[in-house]
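Below is one structure; the comments refer to it alone.
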Amino acid sequence: MRESAMADQPRGMSREELLALPAAVDLETGNRALGLGWSKGYELAKRGEYPCKVLRLGKAYRVVTADLLHLLGLAA
């Protein structure tokens, strides 16, 4: 795969990156942690089908980090 094409692919997050997240993160960060692409993540959030709790704040979505970590099996 070309380097520019690889840059467009979502990249997962390490355990250390996940555990260092604040209480809520933007949808793009949640998508990255779950290995979701931009459009799929926004589609799921808009339909209320995102795999963990998402808050709608005005026009922005925020993913609750505790739910995200629980889903990934990293909850303390």
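Just so it is clear, none of the values below were taken in a lab; they were calculated from the coordinates. Just so we're clear, the structure is a prediction, and the values are computed from it rather than from any experiment. For neighbour counting, all protein chains shown are included, and Cβ atoms are generated from backbone atoms with ideal geometry for every residue, glycine included.
Do me a favour and compute the ellipsoid semi-axes for the range 23-76 from its Cα gyration tensor, root of five times each eigenvalue, largest one first, whole Å. Each step should come with its number before you reach the end.
On the way: eigenvalues 56, 30, 17 Å².
Working through the eigenvalues yields semi-axes of 17, 12, 9 Å.
How much FRET efficiency would the formula 1/(1 + (r/R0)^6) give for GLU43 and ALA23, where r is the Cβ-Cβ distance and R0 is 25 Å, rounded to 0.05?
Working: r = 25 Å, r/R0 = 0.98.
After rounding to 0.05, the efficiency reads 0.50.
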